[in-house]
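What follows is a set of notes on a single structure, which appears directly below.
The values are calculated or read from the model by the stated rules, or taken from the named source; none is laboratory data. None of the values given here were measured: they were computed from a predicted structure. Cβ placement follows ideal geometry from the backbone for every residue including glycine, while neighbour counts extend to all protein chains displayed. Please note that ligands, DNA and RNA were not included when accessible areas were found on the heavy atoms of the full protein model with its side chains. Shrake-Rupley method; radii C 1.70, N 1.55, O 1.52, S 1.80 Å.
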Amino acid sequence: MHKVLTLILCLAALSQSLLVRADAVSTVYLCIGTEPDWRFDFGPTAGQYKYANQAEQRLSGRLAENEPSKAWTWRGKSLRQRRDLVAELRSGTCDGGGGRQYPFSIAISAADGKRLSGCCRQPETTAQPAKNKVAMLSGVWLRLNPSGGKNARDGFNLNSTGRASLIGMRHMKAAEWRLEGDQLMISTYLDRNLEPVVNRLHIDELSDSTLRLSGAISELAGSYEREATGKVSGTVSYRQRIALPPEALVEVRLLDVTVSDGAAKAIGEQTIRNGGQVPIPFEIGYAAVLIQPAHRYALQVRIVDQGKLLFANVQAYPVITMGSPNRLDVVVQPLGR
C-alpha cells in the first residue's frame, strides 16, 4: 500500500512538472493580423491568443512540423473551450501592411468559428549581450491602426531625455516618459484637461525592433515596431520682454501641409511643460517611413497657459523636404493681447 501511494505521489509531481514546463515554453512564433487587430503567439506546446478587445486566452496544444513542404500546424485549446484553435503556418513572404514584410504567413480557424489570416515572425535572438533598457526604448515606435484607414499607423516617440510625443493620436498628447522596473510610464493629457494622466504599461516584449505593451485601461497597449527615424530640432522664442507663466505649455507639431484646403496631418509633436524662459529648445523625432519626398512639411508652434492661447507662429516654417532644413529657430507672435 505504501509503495502504491508513493507511486501515485510521484506521478502527480511529474504531471505538475510537465504542466509547468508546458506553460513556461518560450515563444517560437509571433503572429498579428488586422481588421480587427488580433495576436497569436505560440510555441511547441503553449500559446496566447487575443482577438480585438476580448480577454487574452492561454492555450495548450502541439505544433506539428512538415519541413519538406515548409508548413506547420498548431492545434490546441484552453480549459474553457470545447473546440480547438487550429493554425496553419507557412514559410514565405507575407505583406504586413505599411511596407513591412514578414517571413511567415498564417491562417487560423478559431474555436468560435472565426477565420483569420495574418503574418508571423520569430522573436529576436536573446543570445546577444544585455542592453540598457532605457536606450532600447528610446526612439519612434509605430503600430497598425485599422480605424485610421488602410495602412494607417500611430504610435509614439520616446526621447532619450525623457520627453514623449504621440504620433497619429489627435485627441491626446504626451509629455514625459520613464521606466519603472518592467513598466513603461507615459504621461498623457487631453486638450480639455491639462492635468497629465500616467499610463502604466507592462513591457511584455522588448527587442531592437519590437515592443509589446499590455495595460488594462490604456489605449497605448499593443504591439509596436521600431521605425527608422529623423528629427527636426531648434528653439522657440518671442521678442516681447515678458516672462512665461510657470505652468505654460509649449506645443510644437510637425505637419504634412501638402493639401492646402484640407486638414493638416500630424507626423510628430512635442509638448514641453515647465520649459523655463525663451529660447526654449525642442526636438521632434519622426518615422522616416511617413515622409514622402513630394509632400510639404511645416512646423506649428503654440504656447498655451491653462487653455488660453498666448503665442503662435504666424510665419510659415517649412522643414525636411524640397531643400528645407531640419533645424530652425521659430519666432512666435503674441495673440489676444
Inset, instruction - Would you mind telling me the share, in percent, of accessible area of segment 143-251 contributed by carbon and sulfur at probe 1.4 angstrom? - result: 47
Legend entry - Largest-first ordering by accessible area, 1.4 Å probe, given options 202, 171, 295: 171, 202, 295
Inset, instruction - Using only protein heavy atoms and a 1.4 Å probe, report how much of residue 32 is accessible, in Å² to the nearest 10. - result: 50
Legend entry - Amide H partners (placed H, <5 Å) of residue 297, local residues excluded: 257, 319, 321
Inset, instruction - First check a/c for segment 236-326, with a ≥ b ≥ c the square roots of the eigenvalues of its C-alpha gyration tensor; if it is under 1.5, answer rounded, and if not, answer prolate when a/b is larger than b/c or oblate otherwise. - result: prolate
Inset, instruction - Within 10 Å, count the other beta carbons around each residue, average over each peptide in 273-283, 227-237, and list them highest first. - result: 227-237, 273-283
Legend entry - Formal net charge of residues neighbouring residue 61 (Cβ-Cβ distance under 10 Å; K, R +1; D, E -1): +2
Legend entry - Cut-off 13 Å (backbone N to label point 7 Å along Cα→Cβ of residue 306), residues of segment 211-245: 245
Legend entry - Sequence of 34, 271, 45 from largest to smallest accessible area, 1.4 Å probe: 34, 45, 271
Legend entry - 1.4 Å probe accessible area per residue over segment 199-337, in Å²: 49
Inset, instruction - Sum up the charges of everything whose Cβ sits under 10 Å from the Cβ of residue 227, counting Lys and Arg as +1 and Asp and Glu as -1, but leave residue 227 out. - result: +2
Inset, instruction - Quick one: grab the alpha carbon gyration tensor of segment 163-292, order the square roots of its eigenvalues as a ≥ b ≥ c, and give me rounded if a/c is under 1.5, else prolate or oblate depending on whether a/b is larger than b/c. - result: oblate
Inset, instruction - Lys and Arg at +1, Asp and Glu at -1: add these up for the other residues within a Cβ distance under 11 Å of residue 198 and post the number. - result: -1
Inset, instruction - Provide 185, 136, 322 ordered by accessible surface of protein heavy atoms (probe 1.4 Å), highest first. - result: 322, 136, 185
